[in-house]
Structures are given as structure tokens and as C-alpha cells.
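Novice: Sending over a structure as C-alpha cells; questions will come in a sec.
The values are calculated or read from the model by the stated rules, or taken from the named source; none is laboratory data. Every value quoted in this text rests on a predicted model; they were computed, and no experiment measured them. Positions of Cβ are generated from backbone atoms using ideal geometry, with glycine treated the same way; all protein chains shown enter the neighbour counts. Remember, those area values only see protein heavy atoms, side chains included, never the ligands or the DNA or RNA. Shrake-Rupley method; radii C 1.70, N 1.55, O 1.52, S 1.80 Å.
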Amino acid sequence: MNTITVSAFAKLNLTLDILGTRPDGYHELDMIMQAVSLHDDVTVTIHTGKAWELTCEDPAGNQRPGIPCDERNLAWKAAQIFLQATGLPDSGIAIRIVKRIPDQAGLAGGSADAGAVLQGLNTLYGTPLDTEALCDLGAQCGSDVPFCVLGGTARVKGRGEVLSPMPLDTVQHYVICKPDFGISTPKLFALSDQYPAQKHPNQEALLSCLRAQDAEGAGSLLCNVLEPVAALEHPQILSIREDLLHSGACGARMTGSGSSVFGLFPDEVSAKQAAEQLKTKDYSVFYAHSV
Ligand code: C5P
């Protein structure tokens, strides 16, 4: 087998807390991350016998402007890191990404593609690495990549590389709204240093509500300390939250460093109805469930 297609799932931050700054310049985080059904399709081909190739288009076949198709792309970087770590010879790699996850959105779109490349190459080469080793390689690509390799629901600490899986038997239903501006992750983290958080997440209480399928309870416990900081420059984040709450969400928050805002709904029908209703607004809207 020379080719494999892997689903690269977007992630939501059900919580994001900053515990402090680290000597390496990153921030010490404590988060609950959730993989959701919104995904890119990443096709990896090995032994092409040609120069490396990366293509990225939307499902209609249109190029996605602003996404680099060379070594600047995290997916390309992931393939380089995989070959380096395993010592496998380079016989030509092609990566084809069909992109649905918006970029600069806090949904880990680029990180998900990188995670999918690591998983795809590992399968094509006969599984030389276990999940833990793949997550370690992911951490060399970017802070969100280890979670993207793991998937599911997890408590994520450190820079993003300390993962504790928190499998849930329940399925949650979300509506994700992406305004037409993006937010720079390094800039937002830097700005957050000037505005210490007033409110921190209650991680354990949220997990208990999710396990009990208590969407009302879970909705009230969604928390992202970066959201008030992002809203200083982008008040639209707060108005999107209001839109989601008016559409029946039990709770709504920005994910990661934004700019997407998501709402948690009591069930699939109400989430899909809200998604339909919000499509008239001036932002992109996606329905997604937990995976
Ligand atoms: O690791 P990654 O390249 O995705 O991180 C992007 C930027 O986000 C970092 O350069 C840093 O400014 C910020 N960041 C942080 N603390 C983290 C993760 C990311 O400050 N734990």
C-alpha cells in the first residue's frame, strides 16, 4: 500500500486556562480539548519517486489562498520530522489536502493536517511508532499537534504535549461560527500577559457534566481565558456568542486563540436548526459533533 487517506478532525477548546509563562516563552496551559466531525481529508502517498508535492484545495477543487504548499505547511514539516525520526529513506512523498477547516480559526486546522500526515505515514510504513512516539513528534511540529494525533476528548496541559485521554460515552452537538477575520496566536498570547484572567475554568465539573450528558450544566462551564482578551480588539466575538445563545445554545465560547466561536446544543436537531438559522449572518457556520 502506497497511499492512504486520513480524516483530520478539527478541535474545540471546551476550556482553556493559562497557568503562567514558561522559560521557553510559551504559556503553561490547562485545557479540555474535543475533536469534532468537521474535518479535512489528507491523502498521503509514499514512493512517488519524485520531488515532494503538497496540494491544498477546498472540496469544490478551488485553491485555498493563504495556505502555503511547501515546507512552510505543518503537514510537510510533519513528514520531514517523521522521516528524520524513523531514519526511513526519502523515496518521494505527495500530500493532498481537501480543506474544510477554516484557518486562523482556533480549530487547529493546520495541526490536524500535520497529525493526519504522521498517522498516515506511520500506517504506510508498517507502524514503526506507537501513539506516544507519534505525539512526541507532533509536539515538534506545533503545540496542538499531539492532541490532533490522539483525538477524542482529553485534558491537555504543559505547552500542549501533556495529554490525558478523557473518553466520553456521550456525543455532543456543536455549531461553529467563523468570522471573516483571523487572530494571530502569538499576538493574542502576548496580549494576554497584560490582562490576567478574572475567571478560570472548573475542569472537573465540566467533565462530570459531559459524562452525564448534562448539556445545560456543561454549557455554563465552557471557559476560555483568551476570549475576553480577543474581544478587546474583536467585539464581534461577543456578538457571535449572543447569536448562538439566542439560537438555543446551552453555552458558547471562543475556541483556542479564535477567531471561531462555538455553541454547545442539547441535541442534533436543535444544533442543525440553529446552524441553518445562522447561515444568514456574515460569518461561516458549521454543524459538528464530537468524535
Ligand atoms: O506551538 P505553536 O507554533 O502552535 O504556537 C504558536 C504560538 O502560540 C507560539 O509561538 C506562542 O506564541 C503561542 N503559544 C504559547 N503557549 C502555548 C502554545 C502556544 O504562548 N502553550
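Novice: If you take the residues of the stretch 1-26 that are within 12 Å of the ligand (Cβ to nearest atom) and of a type in the set (Gly, Ala, Ser), which of them is nearest to Arg253 (Cα to Cα)?
Specialist: Gly20
Novice: Looking at the stretch 71-79, can you tell me whether even one residue there is of a type outside the set (Phe, Trp, Tyr), open to solvent by less than 10 Å² (accessible area, probe 1.4 Å) and away from the ligand (no atom under 16 Å from the Cβ)?
Specialist: yes
Novice: Residues that are surrounded by fewer than 19 Cβ atoms within 10 Å (Cβ to Cβ): find the strands (runs of 3 or more DSSP E) completely inside the stretch 184-291 holding 2 or more of those.
Specialist: In the stretch 184-291, the matching strands (runs of 3 or more DSSP E) lie at 284-289.
Novice: Can you spot a residue in the stretch 100-111 that is open to solvent by less than 20 Å² (accessible area, probe 1.4 Å) and basic (Lys, Arg)?
Specialist: no
Novice: Go through the stretch 135-158 and report how many residues are closer than 15 Å to Ser7 by Cα, touching a Pro at 6+ places or on another chain (Cβ under 9 Å) and within 10 Å of the ligand (Cβ to nearest atom).
Specialist: 0
Novice: Moving on. In the stretch 27-61, what residues are touching a residue at least 24 places away in the same chain (Cβ under 8 Å), more than 16 Å from the ligand (Cβ to nearest atom) and among the hydrophobic types (A, V, I, L, M, F, W, C)?
Specialist: If the condition is that a residue be touching a residue at least 24 places away in the same chain (Cβ under 8 Å), more than 16 Å from the ligand (Cβ to nearest atom) and among the hydrophobic types (A, V, I, L, M, F, W, C), then Ala35, Val36, Leu38, Val42, Val44, Ile46, Ala51, Trp52, Leu54, Cys56 are the ones that fit.
Novice: So Val98 fits all but one of (1) away from the ligand (no atom under 15 Å from the Cβ); (2) over 21 Å from Tyr287 (Cβ atoms); what number is the exception?
Specialist: (2)
Novice: While we're looking at this one, here's another question. Yes or no: the stretch 155-172 includes at least one residue that is among the polar types (S, T, N, Q), in a loop (DSSP other than H, G, I, E, B) and open to solvent by less than 30 Å² (accessible area, probe 1.4 Å).
Specialist: Checked against the condition, which is being among the polar types (S, T, N, Q), in a loop (DSSP other than H, G, I, E, B) and open to solvent by less than 30 Å² (accessible area, probe 1.4 Å), the stretch 155-172 yields at least one hit.
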